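The values are calculated or read from the model by the stated rules, or taken from the named source; none is laboratory data. In this text the structure is predicted, and so the values were computed from the model without any measurement. As a convention, Cβ positions derive from the backbone with ideal geometry for all residues, glycine included, and neighbour counts pool all protein chains shown.
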Amino acid sequence: MDHFNGGGSTHFVPVVTFAAKAFAHTGVFIVIAISMVAYVKAAGAETIIAKAFTGNQVRMVVYAAMIGGLSPFCSCEVIPFVAALLAVGAPLAAVMAFWLSSPLMDPAMFTITWAELGLGFAVAKTVAAVSLGLMGGYVTMFFAKSAVFAEPLREQPQIGGCCSVQKPFQGKPVWRFWTERARRESFRASWIENALFLGKWLMIAYLFEALMVTYDTTEWVAKVLGGDGVGTILLAAVLGMPAYLNGYAAVGLLGGLLDQGMAPGAAMSFVIAGGVSCIPAAVAVWALVKPRVFVAYLGIALVGALGAGLVWGAIA
């Protein structure tokens, strides 16, 4: 879109129009994404996640990283589940793998990322999410007896959250959920909740993108985040940690930043570091473990984000 001239009042209609068109472009993907999540919720498929935390610890880390990177569940839903696992002695390594990969990717995130940033970026972010989980899990397992990870739990873990889930992940999935009224209601409630959630954050992101286009921030973005060097990618990761508001909003925002000159590697580093440190994900970890473990969680995320940014910058 061309740069708009004139006073601030003359920008309102073009900005809103730009955001509305961008939102409409991803409309089909949004419907698919929220329908997938609603189906999994209604079927009770989150029970499968418990299987990641049984058996051999090395294999457990792999399963936890993969399930965390693909499961469609928010961080606050996971808190009571993880608290119960840790309380009965589940290894912190598997939990760390799950914690690191879980906030980065899920079916809805993959679909929206594909729509806005392309299939290649979506696949690369998924691989990065699982890889980060694996790295964090094995680092934690290797240093399990160190001063950092010894006795990791708070004395009285806080298992509250924004979701009203008291005993999650129990029972078996019912894939033909429509045969039960309660599950049909669950599908409906989840669909509406996620539609409002995604719609709000994506529209905010597209409005930011429209403002960037309107006020032509190309030169600034290209100068600060336009290189593929280690410094630029590290800067993107460091900026992403405190600045990240929401993963879905970040997708729309990155679309505009990439168009304005942001380097692909910096974009990948930003979403990986920011996703792990966003408030819901960070609170889930902080609520259950001691500060030293939380710092290790953030440190692993920063290193993983830098690595993901360097790799994606080299191949994109």
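Determine whether A115 is of a type in the set (G, A, S), at pLDDT 90 or above and buried (at least 20 other Cβ atoms within 10 Å of the Cβ). Before the answer, list the steps.
Numbers: of a type in the set (G, A, S): yes; at pLDDT 90 or above: no; buried (at least 20 other Cβ atoms within 10 Å of the Cβ): yes.
Considered against the rule, which asks whether it is of a type in the set (G, A, S), at pLDDT 90 or above and buried (at least 20 other Cβ atoms within 10 Å of the Cβ), A115 comes out as no.
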Of the residues that sit in the stretch 277-313 and are among the hydrophobic types (A, V, I, L, M, F, W, C) and not in a helix (DSSP H, G or I), which one is modelled with the highest pLDDT?
V289
Scanning the stretch 186-207 for residues that are surrounded by fewer than 18 Cβ atoms within 10 Å (Cβ to Cβ), closer than 30 Å to F12 by Cα, free of Cβ contacts under 8 Å to residues at least 60 places away in the same chain and not basic (K, R) gives I192, E193, L196, F197, I204
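Of the residues V88, V95, V61, which single one is more than 28 Å from L198 (Cα to Cα) and at pLDDT 70 or above?
Details: V88 fails: at pLDDT 70 or above; V95 fails: more than 28 Å from L198 (Cα to Cα).
On inspection, the qualifying residue turns out to be V61.
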Out of the residues in the stretch 139-175 meeting the condition of being modelled with pLDDT of 55 or more and small (G, A, S), tell me which one is nearest to F197 (Cα to Cα).
G171
Yes or no: the stretch 67-81 includes at least one residue that is at pLDDT 80 or above, in contact with a helix residue (DSSP H, G or I) (Cβ under 7 Å, 6 or more places away or on another chain), among the small types (G, A, S) and in a loop (DSSP other than H, G, I, E, B).
no
Candidate set from the stretch 20-40 (those that are over 30 Å from I67 (Cβ atoms) and touching a Gly at 6+ places or on another chain (Cβ under 9 Å)); member that is modelled with the highest pLDDT
F23
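Within the stretch 196-255, restricting attention to residues that are of a type in the set (G, A, S), over 16 Å from A20 (Cα atoms) and touching a helix residue (DSSP H, G or I) at 6+ places or on another chain (Cβ under 6 Å), which residue is modelled with the lowest pLDDT?
Looking at the filtered set, the residue picked out is G247.
Conditions (1) charged (D, E, K, R); (2) touching a residue at least 60 places away in the same chain (Cβ under 8 Å), marked per residue:
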position: G252; (1), (2): no, yes
position: L257; (1), (2): no, no
position: M262; (1), (2): no, no
position: G265; (1), (2): no, no
position: S269; (1), (2): no, no
position: I272; (1), (2): no, yes
position: A284; (1), (2): no, yes
position: R292; (1), (2): yes, yes
position: A296; (1), (2): no, yes
